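Engineer: What follows is a single structure, and I will ask about it in a moment.
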Amino acid sequence: MSALTFSELPVINFASLSDRSPDRQQSLEKLSQAAREVGFFYLTHHGIDSALSASVQRVARAFFALPQPDKLSVAMANSPHFRGYNQAGVEITRSQPDYREQFDIGAEREALPITPDSPTWQRMQGPNQWPEALPELQKVVTHWQQQMTAVALELLRAFAEALHLPRNAFDNLYGDYPNEHIKLIRYPGRGDGESRQGVGAHKDSGFLTMLLQDDQPGLQVEVSPDRWIDAAPRPGAFVVNIGELLELATNGYLRATVHRVVSPAQRSERLSIAFFLGAQLDAVVPIYQLPPSLAGLAQGPESDPLNPLLREVGWNYLKGRLRSHPEVAQRFYPEHTSH
């Protein structure tokens, strides 16, 4: 099945990828095909407790319901590490504002010491901001992050096997200090005549993204040029998509697919929580040698001339953040902004 014939996302049963599954080889082939043809799929039977996912959604809603001064006390504009809260319309995609409130969280680490010789991307590592008005948020989100990391790493290793690579082929890129990332996102309803850009068309920059949706539609996937399909919410399933790192690593055999979110209608809202499995900032993405049967299907990574893909992980991440968050760029990275 090619992308041209997809009308809905394929479904991958995570349990069937385990060593004990009799359907394992067939499931690995299905995983490879889904990632190559459309770059998106639903992941079911993933083992993440539904009560934990519900708790994450509950605390995310509680955060967005806080008084605006409490949310602005952890504004991303205060963080050189691109962590914290943004009001709707602050983040930019393809030069247009995204109408979504969001709170960005990364791996909880100390900031790296910066010297005149340090690469600029080292500034992205550092502590999160947490709102004092909602202490439960850190505990619940951190627990969910740990559970999601375990599933995402297992999925990444399944990808390696599906590509006939050693199971741990991507482990060195992930490294000991990966640039993992969570976004809590609220899309407010938009009225007639208002922009419906919840988030503009884009690709994700890491290995894998796993998305927990509520019951409100809005996510759309560009399966072929100008042909979009809905990634409708599916109870109990995550939407998973391939990031640019895997597209680069496989010379375009795996596909990082353009996607967007259309804002909900007025008097409604949409909540989603995205987990991004990242790589170590100092890594450089090689091209992995796939077997000839697969390598022959690789068409090279698609690189937008206005937003080129970079194999240096830190620079690729930083490039995206600087474009998306001009406030942070101007305050903490003035040498990378044009005046």
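Engineer: Could you check segment 272-287 and list, in sequence order, the residues that are surrounded by 19 or more Cβ atoms within 10 Å (Cβ to Cβ), of a type outside the set (G, A, S) and touching a Phe, Trp or Tyr at 6+ places or on another chain (Cβ under 9 Å)?
Structural biologist: I273, F275, F276, L277, L281
Engineer: How many residues are in a loop (DSSP other than H, G, I, E, B), of a type in the set (S, T, N, Q) and either in contact with a Pro (Cβ under 9 Å, 6 or more places away or on another chain) or surrounded by 17 or more Cβ atoms within 10 Å (Cβ to Cβ) (or both) if we restrict to segment 90-112?
Structural biologist: 0
Engineer: Which strands (runs of 3 or more DSSP E) sit wholly inside segment 229-321 and have at least 3 residues that are of a type in the set (A, V, I, L, M, F, W, C)?
Structural biologist: 238-242, 269-277
Engineer: Are there any pairs, at least 6 apart or on different chains, whose C-beta atoms fall under 6 Å, with the first in segment 5-29 and in a loop (DSSP other than H, G, I, E, B) and the second modelled with pLDDT under 95 and charged (D, E, K, R), and if so, which?
Structural biologist: none
Engineer: Search segment 144-160 for residues that are touching a residue at least 24 places away in the same chain (Cβ under 8 Å) and under 18 Å from L173 (Cβ atoms) and pair each with any residue that is part of a helix (DSSP H, G or I) and of a type in the set (A, V, I, L, M) when their beta-carbon atoms are under 6 Å apart and the residues are at least 6 apart or on different chains.
Structural biologist: Note: pairs meeting the criteria are A158/L17.
Engineer: Determine which member of the set A62, A51 is assigned to a helix (DSSP H, G or I), surrounded by 15 or more Cβ atoms within 10 Å (Cβ to Cβ), modelled with pLDDT of 95 or more and not hydroxyl-bearing (S, T, Y).
Structural biologist: Testing whether each residue is assigned to a helix (DSSP H, G or I), surrounded by 15 or more Cβ atoms within 10 Å (Cβ to Cβ), modelled with pLDDT of 95 or more and not hydroxyl-bearing (S, T, Y) leaves just A62.
Engineer: Okay, next question. Search segment 38-56 for residues that are more than 20 Å from T257 (Cα to Cα) and pair each with any residue that is part of a loop (DSSP other than H, G, I, E, B) when their beta-carbon atoms are under 7 Å apart and the residues are at least 6 apart or on different chains.
Structural biologist: What qualifies is T44/G236; T44/A237; S50/G236.
Engineer: Within 30 Å of I229 (Cα to Cα) and among the aromatic types (F, W, Y) - does that describe any residue in segment 281-298?
Structural biologist: Scanning segment 281-298 turns up no residue that is within 30 Å of I229 (Cα to Cα) and among the aromatic types (F, W, Y).
Engineer: Just for segment 175-207: of the residues that are of a type in the set (S, T, Y) and farther than 14 Å from P97 by Cβ, which one is nearest to the chain's Cα centre (by Cα)?
Structural biologist: My answer is S205.
Engineer: Counting only residues that are assigned to a helix (DSSP H, G or I) and of a type outside the set (S, T, Y), how many does segment 117-148 have?
Structural biologist: 16
Engineer: Let me ask another. Any chance you could count how many residues in segment 261-303 are of a type outside the set (A, V, I, L, M, F, W, C) and over 30 Å from T142 (Cα atoms)?
Structural biologist: Number of matching residues: 14.
Engineer: Looking at segment 77-89, can you tell me whether even one residue there is modelled with pLDDT under 95 and in contact with a Pro (Cβ under 9 Å, 6 or more places away or on another chain)?
Structural biologist: yes
The values are calculated or read from the model by the stated rules, or taken from the named source; none is laboratory data. Here the structure is a predicted model, which means the values were calculated and not measured. Backbone-built Cβ (ideal geometry, glycine too); neighbour counts: all protein chains shown.
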